[in-house]
Amino acid sequence: DMVLLMSVNPGFGGQSFIESTLSKLGHVRRLIDESGLPIRLEVDGGVKTDNIRSIAAAGADTFVAGSAIFGSDDYAETISQMRTNIAAAG
């Protein structure tokens with residue numbers, strides 16, 4: 001049903017996104033697409049408004065963004081920016 005890629009070292013919030021996860025996302029996305037199965041590809045860790053577009057472009061379709069949202073002054077605006085950036089990924 002879902003493949004989860006951790007994009008930080010598990011254990012605590014607020015970590016930076018590990019950039020090498022982008023190539024892993026692309027690889028897993030190809031495997032999922034080739035399978036023909038309706039599998040979601042989730043990313044957890046370091047997802048923020050400034051990188052969510054590249055994460056989506058790499059193949060993720062499900063995102064966990066804790067401190068990026070809850071650490072912002074305006075949750076709704078942060079989520080809106082994330083949605084806009086995901087849509088721009090194509």
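Coordinate-derived values only; no laboratory data. All values derive from a computational prediction rather than experimental measurement. Cβ coordinates were reconstructed from backbone atoms using ideal geometry, including for glycine residues, and neighbour counts include every protein chain displayed.
Couple of notes before you dig in:
- Taking Cα atoms only, the orientation of helix 21-35 departs from the longest principal axis of the chain by about 40 degrees.
- Computed FRET value (nearest 0.05) for Tyr75 with Asp1, which takes r as the C-beta separation and R₀ as 25 Å: 0.35
- When only alpha carbons of the chain are considered, Rg and Dmax amount to 12.9, 41 Å.
- Distance between region 1-41 and region 49-90 - C-alpha centres, whole angstrom: 15 Å
- Nearest-ten-degree value, helix 75-88 long axis tilted from longest Cα axis of the chain: 30 degrees
- Distance between the pseudo-spin-label points of Thr62 and Ser20 (7 Å out from Cα toward the beta carbon): 2.5 nm.
- Most mobile of Glu42, Glu34, Glu77 in a GNM of the chain (Cα contacts under 10 Å): Glu34
- Take every pair of alpha-carbon atoms less than 8 Å apart whose residues are at least six positions apart; their mean separation over the length of the chain yields a relative contact order of 30 percent.
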